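Below is one structure, written out as structure tokens; comments come after it.
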Amino acid sequence: RQEVAGHEREVLEQELRTHASQIRKKRGAGEEESSRTFLAVPLRHSALHGSSLPVGVLTARGRAGRGTFSQADVNLAAAVASHLAAAIENGRLVKESLVQERMLVELELAHHLQMKLLPDLGDFEGVADVAARCEPAESVGGDFYHLFNLPGDRIGVMLGDVSSHGYSAGLIMALTMSAASITVREREEPAEVLRAIHHELVRKLESTEMYMTLCYAVLDPGAGRVLYANAGHPHAYHISPDGVERLDALNPPLGIAEFDSYSQREMSWTAGRDMLLMFTDGVSECLETDRLWSDERLTEMAMRRAHAGAQEVLDRVFELASAPGGLAADDRTALVVK
């Protein structure tokens, strides 16, 4: 028993010595750490407008027992901090530039994709003399035109204007063109086409708090008539050497309220003589005139050129409605059919 007790005492004493040694080491390390000095230098980048912007902090820790930093140390740290701040800011600018460049590429791609959605006017050669142009105010817009070759040598003509421009309006425009392409093959009457399109889009228009004016006309040269339905679009005209006749807005724009039925109306049409002129309010707003109703400048011009080609009339429309400074506040679209 005495031998066991002696062994246990030795083990206990060894553990006490080890523990005491660890305490002394930690205490010495703490005293050594507390004897060191620290230097903190702000990283500041000079902005273009003259102010300096903080981008970080440079910290330095001195050796134990070294004392305070000298002025030379402070000057060196300040120089290093200046270079670091410039490097950090340059890195940020490069990253920002890459993001902007990628965004510009995506906007250009979106613009080209939207323009690809518009119909190829060459598909209507021999059926009608057609000219059209769509110029979004931004890369992507809400204006569009659509044309359809229909049975019986008829041609469907549609022009729409979403109440905004940009990506949201561009999405509504694409959805409308898709819905129209399906609907006109299934329904003969323009009023039924508008009703079906509205049924397809009304929830999307409400969720985006937008609306859309839309005019759809079916030209039937064989029957000598134009049958049309117009949901709130004010800039649609039937023009001949004898005068100008508006395609009246028979219903409110799409997205304002739901309707079980839409109205339609019929006009006479003489092939080779009459003209259908439609444009959006972006064109009308660019007209310089002291008249209360600026559309008269375009309709009178078109009436004087009743025997001219559709492209000549369209070019003159955009000449009269040229955007101030080359930048239009809204999308501009016009369509001429003869």
So H111 fits all but one of (1) open to solvent by less than 100 Å² (accessible area, probe 1.4 Å); (2) closer than 30 Å to G170 by Cβ; (3) at pLDDT 65 or above; what number is the exception? (3)
Can you name the residue in the stretch 151-166 that is farther than 16 Å from L117 by Cβ and hydrophobic (A, V, I, L, M, F, W, C) and, of all such residues, is surrounded by the fewest Cβ atoms within 10 Å (Cβ to Cβ)? I155
With respect to D143, is the statement that it is buried (at least 22 other Cβ atoms within 10 Å of the Cβ) and in contact (Cβ under 8 Å) with a residue 40 or more places away in the chain true? yes
Quick check: is even one residue across the stretch 114-122 open to solvent by less than 90 Å² (accessible area, probe 1.4 Å), modelled with pLDDT under 80 and within 18 Å of R332 (Cβ to Cβ)? yes
Exactly one of A231, A302, A321 is of a type in the set (G, A, S), buried (at least 21 other Cβ atoms within 10 Å of the Cβ), modelled with pLDDT of 90 or more and out of contact with any Pro (no Cβ under 9 Å at 6 or more places or on another chain), and that residue is A302
Quick test of your reading of the structure: V184 fulfils all but one of (1) in contact (Cβ under 8 Å) with a residue 40 or more places away in the chain; (2) open to solvent by less than 60 Å² (accessible area, probe 1.4 Å); (3) of a type in the set (A, V, I, L, M). Name the failing condition by number. (1)
Scanning the stretch 285-299 residue by residue, the ones that are modelled with pLDDT under 85 and surrounded by 16 or more Cβ atoms within 10 Å (Cβ to Cβ) total 3
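Here is a yes/no grid of residues against (1) modelled with pLDDT under 85; (2) within 15 Å of V337 (Cβ to Cβ); (3) in contact with a Cys (Cβ under 8 Å, 6 or more places away or on another chain):
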site	(1), (2), (3)
A128	no, yes, no
E135	no, no, no
G141	yes, no, yes
H146	no, yes, no
R154	no, yes, no
M173	no, no, no
S178	no, no, no
Which condition does M173 not pass, out of (1) under 21 Å from M278 (Cβ atoms); (2) surrounded by fewer than 19 Cβ atoms within 10 Å (Cβ to Cβ), if it passes all the others? (2)
Quick one: which strands (runs of 3 or more DSSP E) sit completely within the stretch 211-306 and have at least 3 residues that are over 22 Å from E135 (Cα atoms)? 212-220, 225-231, 236-240, 243-246, 265-268
Filter the stretch 235-279 down to the residues that are surrounded by fewer than 20 Cβ atoms within 10 Å (Cβ to Cβ) and within 22 Å of S163 (Cβ to Cβ) and list them by number. Y237, R246, D248, A249, L250, P252, I256, A257, E258, F259, S263
Residue check: is A310 open to solvent by less than 70 Å² (accessible area, probe 1.4 Å) and modelled with pLDDT under 90? no
Please indicate, with yes or no, whether at least one residue in the stretch 257-279 is closer than 27 Å to A329 by Cβ and of a type in the set (S, T, N, Q). no
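The values are calculated or read from the model by the stated rules, or taken from the named source; none is laboratory data. Model, not experiment: these values are computed from the prediction. Neighbour counts run over all protein chains shown; Cβ positions are idealised from the backbone, glycine included. Just the protein is used for accessible areas: all its heavy atoms, side chains included, with ligands, DNA and RNA removed. Shrake-Rupley method; radii C 1.70, N 1.55, O 1.52, S 1.80 Å.
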